[in-house]
1. Kindly rank 9-15, 63-69 from highest to lowest mean number of other beta carbons found within 10 Å of each residue.
2. Show which lysines lie in cross-link reach of LYS257 when reach means a straight Cα distance below 21 angstrom and same-chain residues fewer than eight apart are skipped.
3. Of the DSSP beta bridges with both residues in the chain, give the percent that are antiparallel, rounding to the nearest 5.
4. Could you rank the peptides 88-98, 200-210 by their average count of other C-beta atoms within 10 Å per residue, with the highest value first?
5. Expressed as a whole number of Å, what is the distance separating the alpha-carbon centroids of region 194-223 and region 277-315?
6. What dipole magnitude, in Debye to the nearest 20, does the chain give about its Cα centre under +1 on Lys/Arg Cβ and -1 on Asp/Glu Cβ?
7. Give the aspartates and glutamates whose C-alpha is closer than 18 Å to that of LYS20, dropping any in the same chain fewer than 8 places away, or say none.
8. With a ≥ b ≥ c taken as the square roots of the eigenvalues of the C-alpha gyration tensor of region 219-287, please select rounded if a/c is under 1.5 and otherwise prolate if a/b is larger than b/c or oblate if it is not?
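Any read-out appearing in this document is the output of simple, stated calculations on the displayed coordinates, not a laboratory observation. The structure displayed is predicted, hence computed values, not measured ones. Every residue, glycine as well, gets a Cβ built from its backbone with ideal geometry; the counts of neighbours run over all protein chains shown.
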Amino acid sequence: MTTKPETILAHLTDIHFPQKPVPSLAELSFKRFFGLLNWHLSRKSMHLAETLEAVTKDVLAQTFNHLIVSGDLVNLSLRQEYTTALPWLERFGSPSGLSFVPGNHDYYGPTSFLTSARPPNLSDEADIPMSRSKDLLPFMTSDDKGGELGGATGPDLPFVRVVNDVALIGLNSGVPTPLFTAYGRLNENSLDALGHILNACKEADLYRCVILHHPPLPGITTLSRGLQNDHLLQALLREAGAELVLYGHNHKQHHEKLTTNHGVCHIVGTPSASIGFNSRYEFARYNLFSIQRLPDGWTTKMQGRGLQENYGSVVDLGTTELV
Ligand SMILES: [Fe+2]
Ligand SMILES: [Fe+2]
């Protein structure tokens, strides 16, 4: 009997690209002012360029089929930050091999780079179609097979990409939020589309990996930083099923299981990929997921790679099978 090949996904998140953000006068807002303060008083001592470089080189030395970056690519969502961060994304190869979904730091207010074209008459909290820069668009676009499975081919998410027999389903949970909050939300259209996509992928006998920035289930974080409609997403996942959900936002390694009508769904949160000095969050880490079809289902193994000490180098953090 021949063994089916593995599909390996590398998951990095919360890059908080380490660079000094400098908003122009037109870009400055209360939220950005406090974000800037937070960068100087706290984040810049944790998110280190040398740590991100060590993680990047370690990722590039691995064998994988697809790379996932689940948001908070930058800190204040300034055009200037993306100008530096985009070439970093491009170091991993063509956009067809890398999927990106936005986080709250990629939606830092009405003048955020990702929302710069939003209509001015909408409140900060209105659900809006995402306005994506042409530079980021290639990392968030359905491929041909994904389009046939219901993935968006227009300006909004979810996108669907098919890698071997794994479907990657990218959601946008980022919305501009008021000062001192970092919550997310999935708009109604996205939730509707997700239900159809999960069913279509099940029908096509694909492994379903859902990607979003915010924790997908209630209770993983506080209300002011959680996904506002996580109960709806949880119900949808229970009903339609998925094999794996990857998220970031908490800067913590976390694994829990959700029982669905179609088996167990593994929910995995990954820490930030750039924390080299540990004050209150976990050290930089990324995860490699090896997915293989079995006669009666799927097997998923997770290997962690990251730092174990301040200013440390990247080491193997062990492999576990998600069961
Ligand atoms: Fe973050
Ligand atoms: Fe976040």
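1. On the way: 9-15: 26.0, 63-69: 20.1.
My ranking of the peptides, most packed first, is 9-15, 63-69.
2. Result set, ordered by chain and number: LYS202, LYS301.
3. On the way: 33 of 53 bridges.
For the chain, the DSSP antiparallel bridge percentage is about 60.
4. Values: 88-98: 14.9, 200-210: 20.2.
Taking the mean over residues of other Cβ atoms within 10 Å, the ranking is 200-210, 88-98.
5. 20 Å
6. Numbers: 26 positive and 32 negative charges, 130 e Å.
Dipole magnitude for the chain comes out near 620 debye.
7. Of all the aspartates and glutamates, those that pass the test against LYS20 - Cα under 18 Å, at least 8 places apart if same chain - are GLU50, GLU53, ASP72, GLU81, ASP106.
8. Working: a/c = 3.43, a/b = 1.79, b/c = 1.91.
Since a/c reaches 1.5 but b/c is at least a/b, the shape of region 219-287 is classed as oblate.
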